[in-house]
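Asks: Would you mind keeping the following structure in view while I ask a few things?
Every read-out reported here was derived from the displayed coordinates using simple, explicitly stated rules and does not represent laboratory data. Given the structure is predicted, the values throughout are model-derived calculations rather than measurements. Cβ placement follows ideal geometry from the backbone for every residue including glycine, while neighbour counts extend to all protein chains displayed.
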Amino acid sequence: MITIEQIKQLNDLEYEIYLYLINHSDVVVKAKLSDIAKTLHVSSSMITRVCKKLGFEGFTQFKVQMRYNQEKEVRRQESDSEYLIDFFKKIDNQESKALLQRAAGMMAKSSEILFFGIGLSGAIAEYGAYLFNRRGFKSFYVDDFSHRFNVYDPDTCVVILTVSGETKETNNQIMFIKETGAKVIVISNSVNTTAAKLADENICYYIPSSKDSYFYSSASQVPVVYILETLIKEIEKVGIR
């Protein structure tokens, strides 16, 4: 893996070579060193030096790693597609439909709906509030988890979006909301999480999650968008309060 420290060691010309190599990976993995050198109007030894500064033995090893990364990405995309297909199969059953109907009924009876989320979940939560507002619901997106409302209307329904279900700020917010008597719906990646256990209703999508180098948990949010849009349809069947 190429690090920021290695990139910082490159001079301006070497950095331009590096940018070409990573931005034209489809060409680079099939090309000869001499062909790349001719395209960039530099010597073959210059390209080899760049590869060595990036932690490789030379251009050949750099190409091998680049090809491996490409194949790994293809496998990941195929795997993601399989997981999404599996999600749509699993949610199309009576148990899942009953769960969505219960959650929709809870939302339909509420005086307002608040959407909470952090990071990527926050972006989807904001979309959820916009979506529900457009369909006639009094909905808000709250992005400040340090905020404490003095009074939650017991008729309020709060939708918490969380991938891991173990974020401290999220779970503290759920406990505070529950103390006010408001209803909580959690949409998360697993039923076996703290957030899921605290919720009145928990809707899970079971998509493999990963953590990046900064330890942010992430999973495809396609299921979450589908769940939100399905809830809207179910609410319209029940009728808006």
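Asks: Mind grabbing the base-10 log of I(q)/I(0) for the chain at q = 0.09, 0.12 Å⁻¹? Debye formula, identical points on the C-alpha positions, no solvent, two decimal places.
Replies: With no solvent term, the Cα-only Debye profile gives -0.55, -0.75.
Asks: Can you put R134, R67, R49 in order, fewest other beta carbons within 10 Å first?
Replies: Values: R134 10, R67 14, R49 17.
With the sparsest Cβ surroundings first, the list reads R134, R67, R49.
Asks: Can you give me the angle between helix 12-23 and the longest principal axis of the chain, using Cα atoms only, in degrees from 0 to 90, rounded to the nearest 10?
Replies: 60 degrees
Asks: Between the helical axis of 44-53 and the dominant principal axis of the chain, each derived from Cα atoms, what acute angle in degrees is found, rounded to the nearest 10?
Replies: With both axes taken from Cα atoms, the answer is about 40 degrees.
Asks: Report the normalised scattering of segment 4-78 as log10 I(q)/I(0) at q = 0.13, 0.17, 0.24 Å⁻¹, calculated by the Debye formula with identical scatterers on the alpha carbons.
Replies: With one equal scatterer per Cα and no solvent, log10 I(q)/I(0) is -0.37, -0.62, -1.14.
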